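These notes concern the structure reproduced below.
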Amino acid sequence: MSEDTLKTLLPDFINNLQEKQRSPSTILAYRADLEQLIIYLEKKQKVLAGQVFEADISSFRDSLLNEKYTSKTVSRKLNAVKTFFRYLISEKKITSDPSESVSHPKIDSTEPKFLSLLEYRALRDVVRGDIRISTIVELILQTGMRISEVANLKLASVKKSEIKIEKYATQPERTIPLNTQAKTALQEYLKQRPQTDSSFVFIIKNGKPLAIRNIRAAIDRYFHKAEIASYSVNDLRTTFLVQNLKNNVDIVLLSHVVGHKRLSTTEHYLQLAG
């Protein structure tokens, strides 16, 4: 049995993720999910890696479901747990993986949502007074960028008519064209952006990058203000995909622009555009 505590092993695991160039948002989520697991296990007087068994991981999963986390969120947290214990196996910290046979909760397949033209206009109207968030909304709607890509966007990656998305995690480098609306929004925001040495496009007053969670919270707030609270940030990206498919944009080009690894993923949105 390993004498290493889960708390002392977690930083090593996070360093391993960083070495593998996993995205910052993934690392942040994994750390939070595993800290939640460790707190749960400590309440069961289990602090060593070798003290954890399959029943413990299963009960952690079930406790999350009982706390009304969605099945999708619980599945994501379980992915973090499984990745962590596979790492411990590879480092010979434990001899068997207690998470290996723990099943994911069943996730109900829900159809992706996209904004109608009226809803799109309503959101743009309520967010107009917040130039930073309005620019982010416009950027996602006009380019299909992921929220993590927006948060990590660097000034050097913004060109006259395109944005360069640097390689990260399993995503290859790609270039996204900027239309007039996106260019105008970015230009107006950059005129008012705080003057700092930060390399990030979207920053707070002290020059630190605007965190993903703060972007999401702000946009959610504007969804409520526009009385379309059932939508989420991800639905802006879906709106970009659907509108471009409706406009008969080449699907291969569109798949590249949004960073889908498989064309079949983009094809899934064709039924929404029909």
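The values are calculated or read from the model by the stated rules, or taken from the named source; none is laboratory data. Remember, predicted model here, so these are calculated numbers, not experimental data. Cβ atoms come from the backbone with ideal geometry, glycine included; neighbour counts cover every protein chain shown. All accessible areas refer to the heavy atoms of the entire protein, side chains included, with ligands and DNA or RNA removed. Shrake-Rupley method; radii C 1.70, N 1.55, O 1.52, S 1.80 Å.
Pairs needed: first member in the range 143-163, at negative phi; second member anywhere, of a type in the set (Ser, Thr, Tyr); C-beta distance under 7 Å; at least 6 residues apart or different chains.
Between residues of the range 143-163 that are at negative phi and residues that are of a type in the set (Ser, Thr, Tyr), the close pairs are Ser148/Ser23; Ser148/Ser25; Lys154/Ser199; Leu155/Ser199; Ala156/Ser199; Glu162/Thr175; Ile163/Thr143; Ile163/Ser157.
Among the residues of the range 140-189, how many are over 20 Å from Ile219 (Cβ atoms) and assigned to a helix (DSSP H, G or I)?
6
Among the residues that make up the range 38-56, is at least one of them closer than 30 Å to Leu210 by Cβ, touching a helix residue (DSSP H, G or I) at 6+ places or on another chain (Cβ under 8 Å), open to solvent by less than 80 Å² (accessible area, probe 1.4 Å) and among the aliphatic types (A, V, I, L, M)?
Restricting attention to the range 38-56, the residues satisfying the condition of being closer than 30 Å to Leu210 by Cβ are 38-39.
So of that shortlist, the ones also touching a helix residue (DSSP H, G or I) at 6+ places or on another chain (Cβ under 8 Å) come out as 38.
Adding the requirement that they be open to solvent by less than 80 Å² (accessible area, probe 1.4 Å) leaves 38.
Then keep just the ones that are among the aliphatic types (A, V, I, L, M); that gives 38.
For the range 38-56, residues closer than 30 Å to Leu210 by Cβ, touching a helix residue (DSSP H, G or I) at 6+ places or on another chain (Cβ under 8 Å), open to solvent by less than 80 Å² (accessible area, probe 1.4 Å) and among the aliphatic types (A, V, I, L, M): present.
Any residue in the range 112-129 that is modelled with pLDDT under 90, open to solvent by less than 40 Å² (accessible area, probe 1.4 Å) and in a loop (DSSP other than H, G, I, E, B)?
yes
Being closer than 16 Å to Ile140 by Cα, open to solvent by less than 70 Å² (accessible area, probe 1.4 Å) and not aliphatic (A, V, I, L, M) is the filter; apply it to the range 184-232 and report the residue that is farthest from the chain's Cα centre (by Cα).
The qualifying residue farthest from the chain's Cα centre (by Cα) is Thr184.
Which ones in the range 70-97 are assigned to a loop (DSSP other than H, G, I, E, B) and either more than 17 Å from the chain's Cα centre (by Cα) or in contact (Cβ under 8 Å) with a residue 60 or more places away in the chain (or both)?
First, the residues of the range 70-97 that are assigned to a loop (DSSP other than H, G, I, E, B): 70, 91-97.
Scanning the range 70-97 gives Glu91, Lys92, Lys93, Ile94, Thr95, Ser96, Asp97.
Among the listed residues Val257, Val242, Val249, identify the single one that is more than 21 Å from Ile133 (Cβ to Cβ), of a type outside the set (Asp, Glu) and outside any helix (DSSP H, G or I). Before you say what the answer is, go through the steps one by one.
Values: Val257 fails: outside any helix (DSSP H, G or I); Val242 fails: outside any helix (DSSP H, G or I).
After applying the criteria, what remains is Val249.
Which members of the range 7-27 meet the condition of being without any contact (Cβ under 8 Å) to a residue 12 or more places away in the chain and farther than 15 Å from Lys167 by Cα?
Taking the range 7-27 as the starting set, the residues that turn out to be without any contact (Cβ under 8 Å) to a residue 12 or more places away in the chain are 8, 11, 15, 18-20.
Of everything in the range 7-27, those that are without any contact (Cβ under 8 Å) to a residue 12 or more places away in the chain and farther than 15 Å from Lys167 by Cα turn out to be Thr8, Pro11, Asn15.
Out of everything in the range 233-261 that is touching a residue at least 40 places away in the same chain (Cβ under 8 Å) and open to solvent by 40 Å² or more (accessible area, probe 1.4 Å), what residue ends up being farthest from Ile176 (Cα to Cα)?
Checking each candidate, the answer is Asn234.
Of everything in the range 17-37, what is of a type outside the set (Gly, Ala, Ser) and open to solvent by less than 30 Å² (accessible area, probe 1.4 Å)? Give them in sequence order.
Taking the range 17-37 as the starting set, the residues that turn out to be of a type outside the set (Gly, Ala, Ser) are 17-22, 24, 26-28, 30-31, 33-37.
Across the range 17-37, the qualifying residues are Leu17, Ile27, Tyr30, Asp33, Leu34, Leu37.
Among the candidates Leu37, Leu41, Leu48, Leu123, which residue alone is closer than 28 Å to Thr265 by Cα and of a type outside the set (D, E, K, R)?
Working: Leu37 fails: closer than 28 Å to Thr265 by Cα; Leu41 fails: closer than 28 Å to Thr265 by Cα; Leu48 fails: closer than 28 Å to Thr265 by Cα.
Selected residue: Leu123, the only one of Leu37, Leu41, Leu48, Leu123 that is closer than 28 Å to Thr265 by Cα and of a type outside the set (D, E, K, R).
Quick check on the range 74-88. Is at least one of its residues of a type in the set (A, V, I, L, M), over 30 Å from Leu210 (Cβ atoms) and either modelled with pLDDT under 90 or surrounded by 19 or more Cβ atoms within 10 Å (Cβ to Cβ) (or both)? Write out each step before concluding.
At the first step, the residues of the range 74-88 found to be of a type in the set (A, V, I, L, M) are 74, 78, 80-81, 88.
From what is left, the residues that are over 30 Å from Leu210 (Cβ atoms) are 88.
Remaining after also requiring either modelled with pLDDT under 90 or surrounded by 19 or more Cβ atoms within 10 Å (Cβ to Cβ) (or both): 88.
Yes: the range 74-88 contains one or more residues that are of a type in the set (A, V, I, L, M), over 30 Å from Leu210 (Cβ atoms) and either modelled with pLDDT under 90 or surrounded by 19 or more Cβ atoms within 10 Å (Cβ to Cβ) (or both).
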